[in-house]
Each structure stands twice: as C-alpha cells, then as structure tokens.
Amino acid sequence: MIKYLRNEDFYEEVSNGIVLVDFYADWCGPCQMMGEILENMDINVLKVNTDEFSDIALNHGIMSIPTLVLYKDGSEVGKIIGLQSKDDIQEFINNNS
C-alpha cells in the first residue's frame, strides 16, 4: 500500500511494523520510475516529497533522490540511493527486515 505524507506525522507513520519510505520529488524522472515499481510491491510504502518536507529529508541525511529508507518499528534499518529494480528492492527489504 502506498501512502503520501500529508503532514508532519512522519514518525507516527513509520512507528509500527515495516515501512519503506520513498524520498522523492515530482520533477525527478528516476523518482517517477521508482514510483511505478513500488506500486507493484507488497509492502507499506510512505512517499515523502522532499520539496514539501525538506526538513524531514535533511534530518534523515537525504542528499540524493530517489532514496529508499526501510524502517522497522520506528528505527531505520537500511537505506539505498538511486533508481533500483524491483528485484533489488525486494532483496534490500529481505536483507534488512
């Protein structure tokens, strides 16, 4: 399930279970391609627009987009940067969850 961050409740959104956070921007071509890949995955995805929530992106060390960060019960357990294939994302999730 894909959910877009709409307010400052980032920590509440990632606090329970496993959540994959997609830091993206609307103008970013690779981000758009990544979004299409994530739509077909069976994991909770929280999309964070770095233009709207730049403070959250900076607080999490996001310097490039797209960046995927995996959270487990509110703690960051892994991060990958750049456009990834579905298989690479699944392997990343399996290795870090």
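Please treat every number below as a calculation from the coordinates, not as lab data. Just so it is clear, the model here is predicted, and its values are computed rather than measured. So basically every Cβ, Gly included, is an ideal-geometry build from the backbone, and we count neighbours across all protein chains shown.
Where in the range 69-84 does the amide nitrogen come within less than 11 Å of the point 7 Å from the Cα of Ile43, taken along Cα to Cβ? Residues 69-72, 77-80 qualify, since their backbone N sits under 11 Å from the label point. Work out the charge dipole of the range 2-96 with +1 on the Cβ of Lys and Arg and -1 on the Cβ of Asp and Glu about the Cα centre, then indicate which of Ser64, Gly78, Met41 is farthest towards its positive end. Comparing the listed Cα positions along the dipole, Gly78 ranks first. Once the Cβ-Cβ distance of Asp26 and Asn95 is raised to the sixth power relative to R0 = 35 Å, the FRET efficiency obtained is 0.70. Mind running the shape call on the range 1-55? Use the C-alpha gyration tensor, a ≥ b ≥ c as the square roots of the eigenvalues: rounded below 1.5 for a/c, prolate if a/b tops b/c, oblate otherwise. It comes out oblate by the Cα gyration axes.
Just how far, in whole angstrom, is the range 51-94 from the range 5-42 if you go by their alpha carbon centroids? Using only Cα atoms, the two centres lie 8 Å from each other. Calculate how many DSSP beta bridges within the chain are antiparallel, expressed in % of all such bridges and rounded to the nearest 5. That works out to approximately 55 percent antiparallel. The trypsin sites (Lys or Arg not before Pro) of the range 1-83 meeting both criteria, a DSSP state outside H, G, I, E and B (loop) and at most 13 other C-beta atoms within 10 angstrom of the site's C-beta, are Arg6.
When only the Cβ of Lys, Arg, Asp and Glu is charged (+1, +1, -1, -1), the dipole of the range 2-96 relative to its Cα centre reaches about 140 debye. The sum of -39500 (n - 2.57) across all DSSP H runs of n ≥ 4, divided by the residue count of the chain, sets its helix-only mean residue ellipticity at 222 nm to -9000 deg cm²/dmol. What translational diffusion coefficient, to the nearest whole µm²/s, does the range 2-96 have by Stokes-Einstein, given a Kirkwood radius computed over alpha-carbon pairs, a temperature of 25 °C and 0.890 mPa s viscosity? In µm²/s, the coefficient is 188.
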